[in-house]
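Below is one structure; the comments refer to it alone.
The values are calculated or read from the model by the stated rules, or taken from the named source; none is laboratory data. Nothing here was measured: the structure is a model prediction, and the numbers come from that model. Glycine also receives a Cβ, built like all others from the backbone with ideal geometry; neighbour counts cover every protein chain displayed. Ligands, DNA and RNA are excluded from the accessible area calculation, which covers all protein heavy atoms including side chains. Shrake-Rupley method; radii C 1.70, N 1.55, O 1.52, S 1.80 Å.
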Amino acid sequence: MLSRTADNIYWLTRYVERADCLARILDVAQRLSYQPVSYGGSTNEWGSAILTAGCSELFVAKHGALEEATEDAVVSFLAFDAENPASIRNCVEMARTNARSVRTALTSDMWDAINGAWIELRAFPDKALSREELTRFLAFVKEATLRFDGAMYRSMLRNDAYWFARTGTHVERADNTARILDVKYHVLLPEKERVGGPLDYFQWASILRSVSALTAFHWVYRDSVKPWLVADLLILNRAMPRSLASCYENLTRSLDDIAGAYGRQGPAQRLARATQAKLTNHSIDDVFQTGLHEFISEFISENNRLGAAINEQYLT
Amino acid sequence: MRRTFDEMSSDDGVVRPAYDTLSKWLSTVPHDVLNQRRKEAEYIFRRIGITFAVYGEQNSQERLIPFDIVPRIITHDEWTGLAKGLEQRTKALNLYINDVYGKRDVLRAGIIPEDLVYQNPAFRPEMNGQKVPHDIYVHIAGIDIVRTDPSTFYVLEDNARTPSGVSYMLENREIMLRLFPELFSMHKVAPVDKYADDLLATLRSLAPHRSHEPNVAILTPGIYNSAYYEHSFLADKLGVDLVEGRDLFVKDNVVYMRTTEGPKRVDVIYRRLDDDFLDPLAFRPDSVLGVPGLMSAYHAGNVTLTNAVGTGVADDKAVYSYMPDIIRFYLGEEPILPNVPTWRCREPDHLKYVLDHLPELVVKEVHGSGGYGMLVGPKADKAQIEVFRNKLKHDPANFIAQPTLALSTCPTLVEEGVAPRHVDLRPFILTGSDKVRIVPGGLTRVAMKEGSLVVNSSQGGGTKDTWVLDV
């Protein structure tokens, strides 16, 4: 297929995935902000949402310090701001632009899902959403992305277009999961709070909720929410669809499918396999031995390197 | 103005036989049901993204072309005559362009004034003496037809460059099938969906002579082009790649596309990009839309461009006025489809007549298109007429004039109900190396405003499904 087509599909799914992740981040921030003060209602959950989304520099330049970030500022910045390239609006916009230029490579269900979402998004006001509106908005984004994923899964031919689409989804998803974990570990908990205390517990539970994994957690561990178990679930558990291990299992498979169809392996396949092997061989103790933050930072750079390799090998 | 001919019924209410069923059906369906269906159609169009862009309009990047749900009906016999005339016309167009870039018999015989060729901005000296594959220049033609009475179809315009609108012909039919299946069960409507197959077969037949399977691609300027929807629609229907200039490169006079598996050779390019933008090395150096070296590959005979480069020399309104002579000259036949009577303002006696009768005439720029740069005399006020009088005196060769034709009307759903609105018709003629293909039908464009004669989509015109009845 055309390199540009593959590139557009790959970024289309990355943008959709990112929009979904941003909605989840806002959801968690909102949930945390409802907590009574005794549970840490005065913590900087809105600021940490900006950090998780990875766009603090731009936000600070526009709205000032993260510690003083207000709900309105963060919501409008992450959801609608045209100047924030990673706002939900821009993600949907870019996903739709990509989709539009490769319509021929998409199924009509996929086009319908993304174009429909784009049309619907424009019906939301730009700023100052009420709480109800925000809730409705976040539900809309999650539904739209689910619908797009479903359309992709159910209607696409299993050929290179599909594998590039899946590759984009999983590169982005791995990055997002890693960021969500990292921010929790370093940002959320105020220094005076006890690790393992009620606020800590609540925050870890929120993280699980943000990736729709709270129930899964209980099924897998049959234990109360503990940081290392959450980390185990989101990093190493291959049965957990948003875990790094699961993302890399899928990435490796998609990249191998592409290599199989084209009859040629390359750096992308090797990098993906190396990271996957690491995720398979490590135990959560190893991870905490290295330091969770260090482990995740390293993972994020590896993931970026894979993105660059895919780009180099297929998309240019 | 003369009384206008209505496609469905005469003034005294007598319905033409072909419209019998439709007319009865229209009189039984409640107005709000029709309105409801129209809204559904609009919703579907918006949802699928069947949109076009109007340049220079704010926030208009994606506008819907109004779609009218009342079909326009053409009988089998009417169509047979039309199709013959269209084929004849296209054949003559091709012979003419080959001649213009070849031996120029037509100039030597004094049929066409030389300056119409040499001073034509669409004339491409680069094509002089070049042989195009299979001697075909206009592979895809859109010839605009208007009707004034039961027996007369006039050719209004020849579109020999990159005629657009065929996606609407196909989508309009799909929507109608979806919204009004019962209407189709009451009529024998000739299908149009073979167009995609026909186009692909035509394009493949045009490949430069090579042994392997020809690789066909559609070249688009990109998503911001007004007809982008159509480009992607066609690529989809044909199952070929939709490429932009940056997806292609030329090496050793061979065109390749960049793919995830490495370079892949391209044999036929259906380009929806004007000559000027095709190749920055040959034409406009500032254009980034094209492919450097494409013209060298073309001249080396390694790739077919459809339509060929330089076809614009045959589709302006001045050359149009000579088409009947062109047909006689090359084919030795009388034109089957007449031209609208046309005054060439370049000729002094014609100019005098035009200046004396401006309020009755339609004056058009020779190279204008899309309803721009024209004067509709009977609709114009004094000031507008004076503006054109000055333009005409200043540069008469830039204009032609025609009587304001009583374009036929067709029942159309508007705010007030079903009312007559003026229509035209653009059928699409495909010329391959093997044969000519025309699917029965075309794009009917309709002026949605009462009394308006301007059907162009850029001017608010709409479209409707065109039914050619089988026998």
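Side notes on the structure shown:
- Looking across A:Ala73, A:Ala79, A:Ala61, one residue alone is farther than 30 Å from A:Arg154 by Cα, more than 14 Å from chain B (Cβ to nearest Cβ), assigned to a helix (DSSP H, G or I) and in contact with a helix residue (DSSP H, G or I) (Cβ under 7 Å, 6 or more places away or on another chain). It is A:Ala73.
- Filter pass, B:Ser185 being touching a Gly at 6+ places or on another chain (Cβ under 8 Å), of a type in the set (Gly, Ala, Ser) and either away from every other protein chain (no Cβ under 14 Å) or under 20 Å from B:Ala308 (Cβ atoms) (or both): no
- Residue check, B:Ile327 open to solvent by less than 10 Å² (accessible area, probe 1.4 Å) and at pLDDT 95 or above: yes
- Within region A:237-262, being farther than 12 Å from A:Thr177 by Cβ, away from chain B (no Cβ under 14 Å) and not β-branched (Val, Ile, Thr) holds for A:Arg238, A:Ala239, A:Glu249, A:Asn250, A:Leu251, A:Arg253, A:Asp256.
- Residue within region B:189-196 that is part of a helix (DSSP H, G or I) and not aliphatic (A, V, I, L, M) present: yes
- Qualifying residue in region B:443-459 (condition: crowded, with 22+ Cβ neighbours inside 10 Å, polar (S, T, N, Q) and modelled with pLDDT under 95): yes
- Subset of region B:454-471 (residues that are part of a loop (DSSP other than H, G, I, E, B) and touching a helix residue (DSSP H, G or I) at 6+ places or on another chain (Cβ under 8 Å)): B:Asp470, B:Val471
- Within region B:25-46, if we keep just the residues that are without any contact (Cβ under 8 Å) to a residue 24 or more places away in the chain and surrounded by 12 or more Cβ atoms within 10 Å (Cβ to Cβ), the residue that is nearest to B:Ser151 (Cα to Cα) turns out to be B:Val29.
- Members of region B:143-163 found to be part of a loop (DSSP other than H, G, I, E, B) and crowded, with 21+ Cβ neighbours inside 10 Å, listed by number: B:Ala160, B:Arg161, B:Pro163
- Residue count for region A:146-158, restricted to those that are within 14 Å of chain B (Cβ to nearest Cβ) and out of contact with any helix residue (DSSP H, G or I) (no Cβ under 7 Å at 6 or more places or on another chain): 1
- Answer from A:Ala259, A:Ala268 - the residue that is under 30 Å from A:Met1 (Cα atoms), out of contact with any Ser or Thr (no Cβ under 7 Å at 6 or more places or on another chain), in contact (Cβ under 8 Å) with a residue 12 or more places away in the chain and not charged (D, E, K, R): A:Ala268
- Restricting B:Glu7, B:Glu40, B:Glu78 to those that are at pLDDT 90 or above, over 22 Å from B:Lys449 (Cβ atoms) and in contact with a strand residue (DSSP E or B) (Cβ under 8 Å, 6 or more places away or on another chain) reduces the list to B:Glu78.
- The listed residues are B:Ser167, B:Ser205, and the only one of them that is away from every other protein chain (no Cβ under 14 Å) and touching a residue at least 40 places away in the same chain (Cβ under 8 Å) turns out to be B:Ser205.
- Filtering region B:186-206 to residues that are more than 19 Å from the chain's Cα centre (by Cα), open to solvent by 20 Å² or more (accessible area, probe 1.4 Å) and within 20 Å of B:Asp241 (Cα to Cα) leaves B:Asp197, B:Ala201, B:Arg204, B:Ser205.
- Residue among A:Arg89, A:Arg4, A:Arg96 that is modelled with pLDDT of 90 or more, over 22 Å from A:Tyr314 (Cβ atoms) and within 14 Å of another protein chain (Cβ to nearest Cβ): A:Arg96
- Considering residues of region A:99-135 that are in a loop (DSSP other than H, G, I, E, B) and open to solvent by less than 40 Å² (accessible area, probe 1.4 Å) only, the residue farthest from the other protein chains (Cβ to nearest Cβ): A:Leu129
- Residue pairs meeting the criteria (Cβ under 6 Å; at least 6 apart or on separate chains; first within 18 Å of A:Leu2 (Cβ to Cβ), in region A:159-176; second outside any helix (DSSP H, G or I)): A:Asp160/A:Met1; A:Tyr162/A:Met156
- Every residue from region B:272-283 that is farther than 18 Å from B:Arg161 by Cα and open to solvent by 70 Å² or more (accessible area, probe 1.4 Å): B:Leu281
- Evaluation of A:Asn250 against (1) touching a Leu at 6+ places or on another chain (Cβ under 6 Å); (2) within 17 Å of A:Ala165 (Cβ to Cβ) (one fails), failing number: (1)
- Test: A:Asp285 is exposed (fewer than 15 other Cβ atoms within 10 Å of the Cβ) and more than 19 Å from A:Val171 (Cα to Cα): yes
- Residues in region A:137-194 that are modelled with pLDDT of 95 or more and among the β-branched types (Val, Ile, Thr): A:Val141, A:Thr145, A:Thr167, A:Thr169, A:Val171.
- Region A:204-237, subset outside any helix (DSSP H, G or I) and touching a Leu at 6+ places or on another chain (Cβ under 8 Å), residue surrounded by the most Cβ atoms within 10 Å (Cβ to Cβ): A:Val211
- Among residues of region B:207-220, those that are under 15 Å from B:Val166 (Cβ atoms) and open to solvent by 10 Å² or more (accessible area, probe 1.4 Å), counted: 0
- Residues (open to solvent by 20 Å² or more (accessible area, probe 1.4 Å), away from chain A (no Cβ under 11 Å) and part of a loop (DSSP other than H, G, I, E, B)) located in region B:229-271: B:Asp252, B:Asn253
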